[in-house]
Amino acid sequence: MIPILITGGAGFIGSHTAVALAEAGFKPVILDDFSNSQQSVLQGLETILGHPVSCHVADCNDYNTVLDIFQREKIRGVIHFAAFKAVGESMDEPLRYYHNNLGSLITIMEVMLATGVSDLIFSSSCTVYGEPEELPVTELSPIQPPASVYGNTKQIGEEILSDTVKADKPLKIIALRYFNPIGAHPSAQIGELPLGVPNNLVPYITQTAAGIREQLTIFGDDYPTPDGTCIRDFIHVMDLAEAHVSALQALQVINTTSHYDIFNVGTGQGNSVLELVRTFESVSGQPLNYRIGPRRAGDITAVFADATKVNTRLGWKAKRSLKEALADAWRWQQHLGTSDSAG
Ligand code: UDP
């Protein structure tokens with residue numbers, strides 16, 4: 001089994017990708033500092049896979065430790081998730097965000113070059129498209145000036161990748177621009193574990209349904225969309241996880257020494273916030289307590305992917321429905337129970 005390093009592998013997308021990699025016959029090796037994740041994820045992975053997953057507790061900025069892990073685990077490819085991701089916090093703590101998100105990427109790439117490991121998948125984001133003029137967005141849609149420090153770390157991250165490949169360094173890289181990942185593994189053994197009050201819509205919905213939060217606030221119903229609420233491309237986290245496996249397999253058969261490509265990873269379909277709430281009510285069988293509030297600063301009206309490139313070139317397509325994603329998110333919330341462990 002080929003060992004693949006998953007930085008941030010104890011996080012939401014990382015842990016689901018560990019499952020998808022193992023199911024495809026790779027050996028996932030997790031590197032995580034657990035600054036925004038919990039050790040219990042490892043137990044969930046072990047229950048799903050039937051065996052423990054190799055995990056190293058370390059900071060991706062620590063060159064010597066990362067080098068040691070590459071050598072000991074005989075790493076042959078990397079999926080780099082590890083990053084801070086809270087938009088608001090990134091505006092208050094810019095240096096922490098630039099240091100962590102960019103420093104870790106640079107360190108990982110330096111260790112890859114030092115050890116002769118070529119294949120790298122990078123977590124990017126549809127935030128690079130800002131408020132798009134045309135929908136759906138393709139990979140050639142214009143990149144907009146970043147709206148946050150977090151968004152800028154993703155844009156600069158992509159530039160670091162493309163500049164390194166332009167310089168003919170022996171790295172084969174795919175950046176995946178994620179849309180809105182939701183849901184959980186259908187076993188309810190792993191899922192999203194937001195610390196404190198969730199920023200994202202689906203954990204807020206499931207926590208409200210579980211009685212942890214009193215009421216969901218829908219941020220604005222006066223957007224120029226059919227029902228007035230924002231539109232996003234919500235993708236099941238297991239579909240997104242499997243896109244990483246497809247990307248890795250594609251890199252393995254590329255025989256040039258330097259390569260860089262970018263793919264949107266979305267379903268290709270936009271759904272409104274209100275549609276999501278209604279779908280959740282139908283899969284959970286209970287009404288959701290919500291109110292319409294003011295718009296949230298920085299939110300864009302609508303974004304969804306043109307997924308043609310990833311469908312045709314990587315042979316990957318989202319398979320799971322919005323209903324399935326919300327049913328899995330709800331099952332996961334019920335598994336967690338009604339305690340608000342993180343406050
Ligand atoms: N949203 C909302 N209430 C919440 C959280 C989110 O109405 O408590 C809306 C938000 O305004 C956006 C959509 O849900 O239109 C998706 O937000 P999320 O933070 O999940 O992802 P984003 O698209 O901002 O990355």
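D233 - would you say it is within 16 Å of the ligand (Cβ to nearest atom) and crowded, with 18+ Cβ neighbours inside 10 Å? Break it down into steps so the answer makes sense when it comes.
Values: within 16 Å of the ligand (Cβ to nearest atom): yes; crowded, with 18+ Cβ neighbours inside 10 Å: yes.
So D233 fits the description; yes.
Consider F263 against the criteria (1) in a strand (DSSP E or B); (2) surrounded by fewer than 20 Cβ atoms within 10 Å (Cβ to Cβ); (3) not charged (D, E, K, R): it satisfies all of them except one. Which criterion is unmet?
Here F263 meets the rest and fails (2).
How many of the residues making up segment 167-184 are buried (at least 18 other Cβ atoms within 10 Å of the Cβ) and more than 13 Å from the ligand (Cβ to nearest atom)?
Of all residues in segment 167-184, those buried (at least 18 other Cβ atoms within 10 Å of the Cβ) come to 171-184.
Narrowing the set further to residues that are more than 13 Å from the ligand (Cβ to nearest atom) leaves 171-176, 184.
Residues that pass the stated criteria total 7.
Count, please, the residues in segment 215-252 that happen to be over 15 Å from the mean Cα position of the chain (by Cα) and of a type in the set (A, V, I, L, M, F, W, C). It would help to see each step written out before you state the result.
Step one: of segment 215-252, the residues over 15 Å from the mean Cα position of the chain (by Cα) are 215-231, 246, 248-252.
After this cut, where a residue has to be of a type in the set (A, V, I, L, M, F, W, C) as well, the list is 216, 218-219, 230-231, 248, 250-251.
The number of residues fulfilling the criteria is 8.
Which residue, of I292, I254, is within 30 Å of T164 (Cβ to Cβ), aliphatic (A, V, I, L, M) and either out of contact with any helix residue (DSSP H, G or I) (no Cβ under 8 Å at 6 or more places or on another chain) or without any contact (Cβ under 8 Å) to a residue 60 or more places away in the chain (or both)?
Values: I292 fails: within 30 Å of T164 (Cβ to Cβ).
One residue alone meets the criteria, I254.
Is at least one residue of segment 199-209 modelled with pLDDT under 95, surrounded by fewer than 22 Cβ atoms within 10 Å (Cβ to Cβ) and assigned to a loop (DSSP other than H, G, I, E, B)?
The initial filter retains those residues of segment 199-209 that are modelled with pLDDT under 95, namely 199.
Adding the requirement that they be surrounded by fewer than 22 Cβ atoms within 10 Å (Cβ to Cβ) leaves 199.
In the following step, the residues that additionally are assigned to a loop (DSSP other than H, G, I, E, B) were identified as 199.
Yes - at least one qualifying residue is present in segment 199-209.
What are the residues in segment 272-324 that are near the ligand (Cβ under 9 Å from one of its atoms), closer than 28 Å to R177 by Cβ and not hydrophobic (A, V, I, L, M, F, W, C), if any?
Passing the criteria: S272, R295, R296, G298, D299, T301.
Determine the pairs where a residue that is more than 10 Å from the ligand (Cβ to nearest atom), located within segment 185-213, has a partner that is of a type in the set (S, T, Y) and part of a helix (DSSP H, G or I) with Cβ atoms under 6 Å apart, the partner being 6 or more residues away or on another chain.
Taking only residues 6 or more apart or on different chains, the pairs are Q189/T47; I190/S15; A209/S284.
The values are calculated or read from the model by the stated rules, or taken from the named source; none is laboratory data. This is a predicted model, so every value here is computed, not measured. Cβ sites come from the backbone with ideal geometry, for glycine too, and all protein chains shown count toward neighbours.
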